[in-house]
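A.B. asks: Encoded as structure tokens, here's the structure I'll be asking about.
Readers should treat all values here as calculations from the given coordinates under stated rules, not as data from a laboratory. Remember, it's a predicted structure, so these values are computed and weren't measured experimentally. A quick note on method: Cβ atoms are made from the backbone with ideal geometry, for glycine too, and the neighbour counts reach across all protein chains shown.
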Amino acid sequence: MRFWFDSEHAQRWGLPAAAVFAHIQYWVERNGHETGRPCVTQPVWQMQSYLPFLSEKQIRAALKKLVEAEALTRERNGFDAVYTYCLKGANGVPKRETPIVQKGHQEMDKRDICTYRNNKTEEKTNAREWERPNEEEVIEYLQEIGGSDLAHTLGPAFFNYYEANGWMVNGTPIAKWRPKARQWLTTERNRQSNERQKGFNPKGFTPEGLRDFIDNG
């Protein structure tokens, strides 16, 4: 099976969007512009069946990009969840005598598709390996896992520590920072608990310290 797309569209919007746009052009041409408008009503899962080298998530992202680039318009069909997509502006409607597959378009065979998908998977994996949070994300995560009382002090300390180290441990990039943040919270909880379990020494307590010991143990 071979797939075709316009190389200029691929450079402008990326390969997934170019493939989805060519798919819509094809169906507009195939339907012969029956409604008087260059439009196609087709669910994403059906588009994916025609474009098996793209996931439904990739197709949705490509459609969103095409709409934002004003290459397509998107319309609702009443309460139906399936959208209608229409070619817009200078994109026009392909003439019937001109086939969608034409000279100057790029072709992609199955081997190319596999290479593309493997490359995209590798890119996503590398992105996850080098994922770096900002200080606010660390604080929010600590709050989510029950560390609201420590988040605003422990979060900045965690962030500044690993930011200074380039988010590396022994020369290796940190693939997942959340487990480390959870470990920091657990360590701090244990430290506080050990401090409280040292017992009451009346010589070392001020009235304020005694009150805190009674209240917090």
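A.B. asks: Rounded to the nearest 0.05, what FRET efficiency do residue 77 and residue 45 have when you use their Cβ-Cβ distance and R0 = 25 Å?
C.D. replies: Computed FRET efficiency for residue 77 and residue 45 comes out at 0.95.
A.B. asks: Once R0 is set to 41 Å, what does the formula 1/(1 + (r/R0)^6) return for the Cβ-Cβ distance between residue 69 and residue 31, expressed as a FRET efficiency to the nearest 0.05? Before the final figure, lay out the partial values.
C.D. replies: On the way: r = 23 Å, r/R0 = 0.56.
With a Förster radius of 41 Å, E is 0.95.
A.B. asks: Which order do the peptides 8-20, 163-175 take when ranked by the mean count of other beta-carbon atoms within 10 Å per residue, highest first?
C.D. replies: The packing order, highest mean first, is 8-20, 163-175.
A.B. asks: Return a whole-number percent for the relative contact order of the range 127-182, with Cα pairs under 8 Å and 6 or more residues apart as the contact set.
C.D. replies: The value is 48 percent.
A.B. asks: Still on this structure, I have one more. Starting from the Cα-Cα distance between residue 187 and residue 56, subtract it from 0.36 nm times their residue separation and give me the gain in nm to one decimal.
C.D. replies: 43.0 nm
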